[in-house]
Amino acid sequence: MNQPDLDWKNLTFSYTKTDYNVRCTYKDGKWGEIEVSDSEYVPLHIAATCLHYGQESFEGLKAYRGKDGKIRIFRMEENAKRFIRSAEGIKMQPMPVELFCEMVRKVVKLNERFIPPYGTGASLYIRPLEIGISARVGVKPADEYMVIMLVSPVGPYFKEGFKPTKVCMSREYDRVAPKGTGSIKIGGNYAASLVAGEKAHDLGYSVMLYIDPKEKKYLDECGAANFFGIKNNTYITPASESILPSITNKSLTQLAEDLGLKVERRQIPVEELDTFEEVSACGTAAVCSPIAEIHDLDNGKKYVFSTNNEAGPLTTKLYNTLTGIQFGEVEDTHGWCEILD
Ligand SMILES: Cc1ncc(COP(=O)(O)O)c(C=O)c1O
């Protein structure tokens, strides 16, 4: 297997062309065969519902080259189940879990030479997406759908990697509506977050930390990542209808319990930030990204969590355990990884 000539250790979270993607179409009431393509393009009808009415959902998961040389895929059934919820949330055809998993295995195997070598810290990001492809002019769901899975070798999401980053927050921006689509992973949510996200970047922050859109009192989530804070040996993460249920957060919650921490999933008032010992963003892309400072753009208040450019001890422990499981260095006691033959 000839590995591509990539600077594995310095990969960023960006698109790199690989050899293949896989596709599957839902037509005449059934899913077809999995097709393999080496094209980076999709032929689409100009009136397809994904282009006009936002019938698009996606997922994000990773495959890792382990210490033992084996390929591990992390919790893909969880992504498959969330992909179903996202499809149902915008009236698309849900893809069965087993078909989703078969596509993931296939796209990873086909692009095996792009899985970053063990020890580089990089991984293979897998991006499944579903689009409505039937032609419509009126606002109505499609009856034909396409699922595509592409992959890209990636490095850290935030340029700081595991070094603490600065984020900002403001009540001026909502990513989603209170009873809207925040708990599913659809493209429209991300389009709606771009103005706030770019504002944060322009001001020199990694990301915008969203405050709940209903009462504007509680912490919601951190751009394309969930939020958690630690104090008094307790892992605390927001309970909210307007955030995406993160699979990484779910995993860290379990690991926190395993490490003997208490876990609370509840509303977190903004002012409570003053009391946290460690805070972090978490997600497939972000893994665990410690937060050094949070700046409230509305009143100029600064919450500071790290002054030495290092993550806190419990965040570090959680990060090491999670990535240890993913890279086959720590025993996978919960059976989260599937090893590919
Ligand atoms: C809005 C949002 N929140 C949270 C997450 C983290 O979720 P996960 O850990 O499942 O990747 C993501 C990324 O998928 C996201 O886009």
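Of 179/217; 216/262; 9/62; 185/301, which ones are farther than 21 Å apart at the Cα?
Checking Cα-Cα distances, 216/262; 185/301 exceed 21 Å.
Working out 0.36 nm times the residue gap between residue 102 and residue 330, then minus their Cα-Cα distance, what length gain in nm do you get to one decimal?
Length gained between residue 102 and residue 330: 79.5 nm.
Between residue 217 and residue 194, what is the spin-label point distance in nm, taking each point 7 Å from the Cα along the Cα→C-beta axis?
It works out to 3.4 nm between the two label points.
Hey, rough spin-label estimate for residue 47 and residue 201, points 7 angstrom out along Cα→Cβ, what's it come to in nanometres?
Computed distance between label sites residue 47 and residue 201 equals 3.6 nm.
Taking just the alpha carbons, could you work out the radius of gyration and Dmax for the chain, both in angstroms?
Looking at the chain, its Cα Rg and Dmax stand at 20.0, 60 Å.
So, by mean Cβ neighbours within 10 angstrom, what's the order for 91-101, 304-314 with the highest one leading?
91-101, 304-314
Work out how much length residue 36 to residue 277 would gain on full extension: take 0.36 nm times their residue separation and subtract the Cα-Cα distance, in nm to one decimal.
That pair, residue 36 and residue 277, stretches by 81.9 nm at full extension.
How much mean residue ellipticity at 222 nm does the chain get from its helices, if each DSSP H run of length 4 or more adds -39500 (n - 2.57) and you divide by all residues, to the nearest 500 deg cm²/dmol?
Working: 7 runs with 72 residues, N = 341.
Dividing the helical sum by the residues of the chain leaves -6500 deg cm²/dmol.
Nothing charged except the Cβ atoms of Lys and Arg (+1) and of Asp and Glu (-1): what's the magnitude of the dipole of region 165-326 about its Cα centre? Round to the nearest 20 debye.
Here region 165-326 has a charge dipole of around 300 debye.
Which order do the peptides 72-83, 35-46 come out in when sorted by mean C-beta neighbours inside 10 angstrom, highest first?
Going from most to least packed, we get 72-83, 35-46.
Throughout, read-outs are computed from the coordinates displayed, never taken from laboratory work. In this text the structure is predicted, and so the values were computed from the model without any measurement. Here the Cβ is made from the backbone with ideal geometry for all residues, glycine too, and neighbour counts use every protein chain on show.
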